[in-house]
Amino acid sequence: MTNTHRDQLDFAVEKGEFVRWESQFRNWITADGAAGVTGMAGFKAEAGRYHLYVSYACPWAHRTLIYRSLKKLEDIITVSVVNPKMTDISWDFEDYPGATGDTLYKVKTMQEIYDKAADDFDGVVTVPVLWDKKTQTIVNNESSEIIRMLDSAFNGLTGSDETYYPDEFKAEIDEVNEFIYHNINNGVYKTGFARTQAAYEKAFDKLFSALDEIEYRLAKQRYLVGDRLTEADLRLFPTLIRFDSVYVGHFKCNLKRIEDYANLSNYVRDIYQVPGIKETVNMDHIKTHYYWSHTSINPTRIVPVGPDVDYMCEHNRGRHKK
């Protein structure tokens, strides 16, 4: 099956507003293989069985790379990285510095991976994809669910019991995630992909209102929830690390840069400097993907040289007053 890739800009809109698609593979990995969520098929956590297909450019895929690193899963779950230049056919595995090619099947595009999982697939070809080598199918392609699996399912294999979704903060994390997803994570896309002035300004206002709210929250505490790094931080960070380099210019999110926020700018540096996280950030892939791939927004495909942001400089997030 060789259906044409459906780009982010091809989806339904209402009054010029961007509407994100729903992920279509929603199964679950658990330590014993029992279904973790009602209505989902269960897969057993095993070393070497699973594979991640990711793009360094994609913020949703970036979450899964962060978890793979922090949860010590590099030797448990293998990975393939796509070319950041997404064509009108699909994400592909053409040679590009930092891309790996398809290390499992040597196919040329992510469309072929989806076709292996479902030969009647006619949906949206996305990353990340969590793939099962044993049954040769997609377990899940919803990043928010993949990171929950990586957070706990493989603990018995790695010896890592640290969780970024602790029981005592689950309700608050879920609440913060919901706010950030609609207004910031997806808010930058609603702004950048808007097709009318009214839709753009509506999304723009919600985005910067939300950033102001998070800035105020971080004036009182180091992390979004509780006194430690949690899933809420790891879901916000991929958007913030892309903001000044991509979303300000490419998506016209230009009221302020993250660098213009005292707390948010230090917060990004704080998380970037957590051991294992900076290695998941590839700014060349990030900028190349957005500016090269979205020709309806940037028809020249010119990738800007700047900005030059030093995320390794000193920050004061560990020393703020509560």
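Just give me the residues in the stretch 292-319 being touching a Ser or Thr at 6+ places or on another chain (Cβ under 9 Å) and in a helix (DSSP H, G or I), in sequence order. Explain how you work it out, then say what you get.
Residues of the stretch 292-319 that are touching a Ser or Thr at 6+ places or on another chain (Cβ under 9 Å), as a first pass: 293, 301, 303-304, 306-307, 309, 315.
Selection gives Ser293 alone.
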Taking Ser245 and the conditions (1) touching a residue at least 60 places away in the same chain (Cβ under 8 Å); (2) within 26 Å of Glu145 (Cβ to Cβ); (3) surrounded by 19 or more Cβ atoms within 10 Å (Cβ to Cβ), which numbered condition does it fall short on, given that it satisfies the others? (2)
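May I ask you to verify whether Asp95 is more than 24 Å from Thr295 (Cα to Cα), assigned to a loop (DSSP other than H, G, I, E, B) and either assigned by TED's automatic domain parsing to the domain that holds Glu145 or of a type outside the set (A, V, I, L, M, F, W, C) (or both)? Outline the logic, then answer.
Working: more than 24 Å from Thr295 (Cα to Cα): no; assigned to a loop (DSSP other than H, G, I, E, B): yes; either assigned by TED's automatic domain parsing to the domain that holds Glu145 or of a type outside the set (A, V, I, L, M, F, W, C) (or both): yes.
So Asp95 fails the test.
Can you find, within the stretch 258-275, the residue that is surrounded by the most Cβ atoms within 10 Å (Cβ to Cβ) among those that are within 20 Å of the chain's Cα centre (by Cα) and farther than 26 Å from Val54 by Cα? Full working, then the answer.
Here is the first cut: in the stretch 258-275, the ones within 20 Å of the chain's Cα centre (by Cα) are 258, 264-265, 267-275.
Those left that are additionally farther than 26 Å from Val54 by Cα: 264-265.
On the way: Leu264: 23, Ser265: 19.
Restricting to residues being within 20 Å of the chain's Cα centre (by Cα) and farther than 26 Å from Val54 by Cα, the top hit is Leu264.
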Do we have any residue at all in the stretch 183-203 that's part of a loop (DSSP other than H, G, I, E, B), buried (at least 19 other Cβ atoms within 10 Å of the Cβ) and at pLDDT below 95? no
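Can you confirm whether the stretch 243-254 contains a residue that is within 29 Å of Asp161 (Cα to Cα) and either modelled with pLDDT of 95 or more or of a type in the set (Gly, Ala, Ser) (or both)?
Step one: of the stretch 243-254, the residues within 29 Å of Asp161 (Cα to Cα) are none.
The answer is no, given that none of the residues of the stretch 243-254 is within 29 Å of Asp161 (Cα to Cα) and either modelled with pLDDT of 95 or more or of a type in the set (Gly, Ala, Ser) (or both).
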Contacts under 6 angstrom Cβ, first residue in the stretch 273-286 being in a helix (DSSP H, G or I), partner among the β-branched types (Val, Ile, Thr) and modelled with pLDDT of 95 or more, 6 or more apart: Thr280/Ile66
Can you find even one residue in the stretch 174-193 that is more than 23 Å from His62 (Cα to Cα), assigned by TED's automatic domain parsing to the domain that holds Pro307 and of a type outside the set (A, V, I, L, M)? no
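Kindly indicate the residue of the stretch 279-310 that is more than 24 Å from Trp91 (Cα to Cα) and of a type outside the set (Asp, Glu) and also surrounded by the most Cβ atoms within 10 Å (Cβ to Cβ) among those meeting that condition. Reasoning before the result, please.
Initial filter on the stretch 279-310 (more than 24 Å from Trp91 (Cα to Cα)): 306-310.
Filter once more, keeping what is of a type outside the set (Asp, Glu): 306-307, 309.
Numbers: Gly306: 9, Pro307: 11, Val309: 19.
Ranking the qualifying residues of the stretch 279-310, first place goes to Val309.
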Extreme residue, surrounded by the fewest Cβ atoms within 10 Å (Cβ to Cβ), among residues of the stretch 217-227 that are on the phi < 0 side of the Ramachandran plot and touching a residue at least 24 places away in the same chain (Cβ under 8 Å): Lys220
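The values are calculated or read from the model by the stated rules, or taken from the named source; none is laboratory data. Because the structure is predicted, anything quoted here is derived from the model rather than measured. Neighbour counts are summed over all protein chains in view; Cβ atoms, including those assigned to glycine, are modelled from backbone coordinates with ideal geometry.
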